[in-house]
1. Taking amide hydrogens as modeled 1.01 Å from N in the peptide plane, which residues meet the under 5 Å criterion relative to A:GLN426, leaving out close sequence neighbours?
2. Could you compute the FRET efficiency for B:TYR224 and B:GLN140, with r as their C-beta to C-beta distance and R0 at 30 Å, rounded to 0.05?
3. Measure off 7 Å from each Cα along the Cα-to-Cβ vector at B:ASP166 and A:ASP146, then give the distance between these two points in nanometres to one decimal.
4. Mind putting a number on the dipole of the protein assembly as shown about its Cα centre? Charges go on the C-beta only, +1 for Lys and Arg and -1 for Asp and Glu, and I need it in Debye to the nearest 20.
5. When DSSP assigns beta bridges and you keep just the ones with both residues in the protein assembly as shown, what percent turn out antiparallel, to the nearest 5?
6. Tally Lys/Arg at +1 and Asp/Glu at -1 over every other residue whose Cβ is under 11 Å from the Cβ of A:LEU102; what's the total?
7. Could you give the size of the charge dipole of the range A:318-415 about its Cα centre, using +1 on the Cβ of each K and R and -1 on the Cβ of each D and E, expressed in debye and rounded to the nearest 20?
8. Would you please name the trypsin sites (Lys or Arg not before Pro) within the range A:295-389 that are DSSP coil residues with at most 16 other C-beta atoms within 10 Å of their C-beta?
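Nothing in this text is a laboratory measurement; each read-out follows from the coordinates by a stated rule. Predicted model only: the values in this text are computed from it and were never measured. Here Cβ is always computed from backbone atoms with ideal geometry, including for glycine, and neighbour counts include all displayed protein chains.
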Amino acid sequence: MPIKLFKGPRAARQIVAALAASVLLSVGSAYADPHAGGTLNLVSQPEPPSLMHGLVTHVSTQYVSGKVLQGLLTFDTNLKPQPVLAKSWSASPDGLTYTFELQDGVRWHDGQPFTADDVVFSFQTFYPETDVRLAGIFKEFGVSVDSPKPLEVVFHLKKPFAPLLYSLGNGLRPIAPKHLYAGTDFRTNPYNLKPIGTGPFVFKEWKRGSYIKLVKNPDYWKKGLPYLDEIVFHVIPDASSRAAAFERNDVQVLRSGDADYSDLQRLSALPGVVASEKGYELYAGLAFLQINVRKPPLDNVKIRQAILYALNRQFIIDNIFFGAGKVGQGPFSSSTPFHDPKLPQYTFDLAKAKALIAESGVDVSKTRIRLLNGEKGGAWERLAEYTKQSLQGLGFKVDVVTSDAATWVQRVSNWDFDLTYNFIFQIGDPYLTNSYLYRTDTIVKTSPFANVSGYQNPVADALWDKVANTPDGPARTQAYSELENVLNTDLPLAPIFEMSFPTLYHSQVKNLLQTATSLNESYDNVYLDTPAP
Amino acid sequence: MNGLIYLGLRLGRAAAVIVGVLVLSFLLVRMAPGDPALLMAGEAGIDDAQYIARLHHDMGLDRPLPAQLLTYLNQVAHLDLGYSYRNQATVWSLIAERLPATLLLMGSAFVLSSVLGVALGVIAARSQRRHGWLDKLISQGALLLYATPSFWLALLLILLFSVVLDWLPAFGMETVGQDLHGWARLTDYAAHLLLPCLSLSFLFLALYIHLTRAAMLEAMGQEYVKTARAKGLKPSRILYGHVLRNALLPVVTFAGLQLGQLASGALLIEVVYAWPGIGRLLYDALSERDYALLLGVFLVISLLVVGFNLLTDLICRWLDPRIGSGRQH
């Protein structure tokens with residue numbers, strides 16, 4: 001059970017009381033075994049742009065279509081791969097061949113059989129065309145895919161690529177049905193809005209602005225599953241209204257972000273409500289201050305280090321994000337095995353910050369710094385204001401420039417900022433995500449998630465190449481440690497906090513948080529202990 | 001002036017306003033920072049310049065702005081509002097899907113606020129001399145409603161009637177998952193509509209009360225009322241046949257303006273109650289820089305506002321034939 005999020009003795013008593021009440025409730029009314037039937041009501045916020053999460057990586061899309069479409073693998077909370085459509089897999093000792101045995105007896109929701117052809121099509125045709133990053137990786141590492149048997153798929157590589165398994169997960173790369181996508185324009189394919197998958201739930205209806213309804217797949221390949229009859233995603237745009245709906249048990253689950261941070265403590269103390277931070281291990285969210293290293297005085301590494309020393313990150317977590325996180329330990333999330341626990345830390349130290357500024361010989365008051373604040377919610381606005389105050393205490397002249405989300409994306413993508421806050425999901429191996437924030441070849445003006453800082457360091461670039469090519473083991477761990485130390489010294493991105501994602505749910509919902517991407521999973525073994533009202 | 005000529009002139013003016021709104025909104029939307037292609041590429045996890053250039057081309061954003069404007073006006077003239085790439089649907093279909101919900105909300109709020117507001121305004125005006133307390137109660141109550149922010153009131157109503165009392169649903173337009181028909185379906189819609197409708201009505205209800213009350217009091221002191229009394233007409237005939245009819249002119253004018261405000265007020269209420277109308281469609285289109293959809297919603301709202309204003313003018317002319325005839329001066 002969580003619960004850094006909920007602080008103080010009174011809150012602790014409330015939590016204990018809530019948990020006790022939920023236990024009593026469940027004892028009084030629980031079914032002895034997993035119970036089939038019922039409708040699980042969830043919140044869809046924002047409304048997803050598409051229901052094909054192979055094309056749209058938006059979390060709101062994954063949340064819905066993760067119940068319909070499936071990938072080869074998923075990951076447990078220790079980031080170990082687990083079978084989904086792949087029954088088993090093996091890698092050759094040289095890391096150049098990966099063989100996947102597929103589940104038998106799987107059918108698409110339209111009755112067509114699922115075969116290795118679908119997997120080959122997905123990774124040989126669909127993703128190379130739609131997923132620029134994966135296409136780049138496949139090209140660089142010479143990846144090709146074939147199927148020597150109807151239920152066997154082999155990935156051939158020209159040089160080893162250690163994070164391969166992480167790129168084949170459920171969450172990012174579901175298998176696309178070849179018979180519905182081959183020969184079509186993938187991005188405008190009508191099945192992006194009414195997906196046909198192999199998952200435990202079948203897409204039934206999407207009433208835009210109101211709800212998305214999924215119903216039980218009676219021919220699901222895991223016999224006896226799923227338990228639920230229906231899942232309904234309600235589109236509720238206002239946070240207070242979502243909280244009210246949860247309070248009434250009209251919806252049974254609130255994901256992190258569905259409720260305001262300031263409302264979490266009250267909601268978690270409601271009778272029969274469970275709060276947990278589990279289930280986001282693969283995402284490993286890291287919030288950071290993005291620094292444009294092209295702009296003086298931010299081009300000076302001592303200035304960047306001084307800025308991080310001057311930010312009281314524990315204060316930020318406790319008072320701005322209501323305890324939802326822990327201080328960032330470095331460029332990689334400490335919840336993953338790729339972080340070096342011995343990495344030097346920038347513990348809040350104003351004297352040290354002032355000393356570094358003096359050492360740099362830079363007069364920080366001479367240049368005004370623009371802190372670009374995107375529309376991510378009230379807490380982020382307060383974070384920007386706190387940052388401004390902290391830096392002004394060191395003599396910086398800071399202007400907070402607030403913009404809506406679309407403007408923020410455009411300005412950051414075009415490097416039109418000095419400082420800005422952003423966050424990233426690590427998705428297992430840092431090479432697959434974090435590397436794009438640091439590598440010289442990713443200095444492009446097309447995305448806020450590229451190297452918009454303008455950071456260039458040949459040593460770091462070489463280490464990124466090394467971690468990609470080296471198989472998992474001590475040598476790779478050592479390379480990641482060296483890389484993390486370089487990035488931690490150069491600080492084009494100042495790690496602020498490792499985000500925790502509190503999920504609130506009514507205790508009648510069982511088996512909700514079981515993997516490293518729990519909420520976006522298929523829910524094939526989720527059940528309602530007592531029927532939802 | 002002949003009634004038909006008057007109608008023709010008003011229609012011409014309305015058409016000019018619509019074209020003006022189209023051109024202005026097109027330019028304003030394009031002047032705002034933000035790029036729909038970048039947003040869509042970001043959602044797809046793509047940072048490829050070629051892909052973004054292709055999106056620009058598909059959306060027609062790689063052409064000069066005047067050419068884009070001309071194309072758009074030509075499209076609209078052919079009743080084609082374009083295609084929403086983000087929603088992968090035509091703008092017409094998206095608006096048609098959501099407009100009924102907004103019209104239902106606006107229409108019910110309009111009827112409730114105008115009918116109840118006029119009735120309470122009449123009661124307040126009538127009771128001013130004999131039952132001063134009733135007039136004060138209605139007037140002060142109206143002031144309280146007027147001063148209360150509608151979104152805050154909406155949240156309080158949800159807390160009271162949905163969370164605490166559990167009498168009414170908290171969000172949405174219908175109960176999902178229950179296959180309701182006939183009367184049961186109608187009552188389900190009504191139950192979902194009640195709180196949003198009340199929240200949207202309250203602000204305008206107060207204005208109707210004050211406006212009707214003031215207009216009634218003014219009309220009661222007019223010479224023609226004294227004449228009517230002297231002629232021995234029944235008080236009810238004087239009140240409803242003469243006083244109210246004249247007092248209604250400013251109320252009807254206000255009603256036309258209110259419909260425009262209702263459309264914008266509905267946006268907030270639709271967000272709070274998760275009501276699936278075009279107000280929310282507009283909000284989403286704005287945050288996603290979905291230009292075609294944004295302009296389509298602007299156009300529909302403009303049509304509503306201009307249409308209702310036209311209707312108001314015609315009703316005013318019916319109530320007072322001197323209007324627009326050149327005889328009022």
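1. Correct list: A:ALA284, A:GLY285, A:LEU286.
2. Approximately 0.45, to the nearest 0.05.
3. 6.4
4. Numbers: 75 positive and 73 negative charges, 695 e Å.
With Lys and Arg at +1 and Asp and Glu at -1, about 3340 debye.
5. Numbers: 53 of 69 bridges.
Roughly 75 percent of the beta bridges in the protein assembly as shown run antiparallel, per DSSP.
6. -3
7. That gives the range A:318-415 a dipole magnitude of about 160 debye.
8. A:LYS342
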